[in-house]
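Engineer: Have a look at this one.
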Amino acid sequence: MGHVRVGETEHVLERLKWFTHIWWLIVYEEDGGLEYTYVQSSCKKNLSALWGVLKRLQGKKHLVFAVWMGEHRTDLFLMEPLKVVKYLEELGYGDKR
């Protein structure tokens, strides 16, 4: 059994380099309904894809979850999308314009 954790965006981002079993779930509003996509970022792979999804959704209603799968439980972190985008840009992913 895991936990849903809120208010820990910085905690997750600071530890992203050590968390090797994180993937990202993005739930967003599209044409009056809810849609979702996910990005696997094990060992920081695909972080540029995550940046692209978040930039495309700027201005739309969306939620971003970091999903950490540990040995004995899975935790779901509700993230602040703008902080995630800024962090990824600081790492050199995406276009800083």
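The values are calculated or read from the model by the stated rules, or taken from the named source; none is laboratory data. For clarity, every value in this text was computed on a predicted model and none was experimentally measured. Cβ atoms come from the backbone with ideal geometry, glycine included; neighbour counts cover every protein chain shown.
Engineer: Only one of (1) modelled with pLDDT of 95 or more; (2) exposed (fewer than 14 other Cβ atoms within 10 Å of the Cβ) fails for L63. Which number is that?
Structural biologist: Here L63 meets the rest and fails (2).
Engineer: Kindly state which strands (runs of 3 or more DSSP E) lie completely within the stretch 30-97 and contain at least 1 residues that are closer than 17 Å to E14 by Cβ.
Structural biologist: 62-69, 74-79
Engineer: Turning to a different aspect of this structure: Given the conditions (1) out of contact with any Ser or Thr (no Cβ under 7 Å at 6 or more places or on another chain); (2) surrounded by 15 or more Cβ atoms within 10 Å (Cβ to Cβ), and given that H72 satisfies all but one, which numbered condition is not satisfied?
Structural biologist: It fails just one condition, (2).
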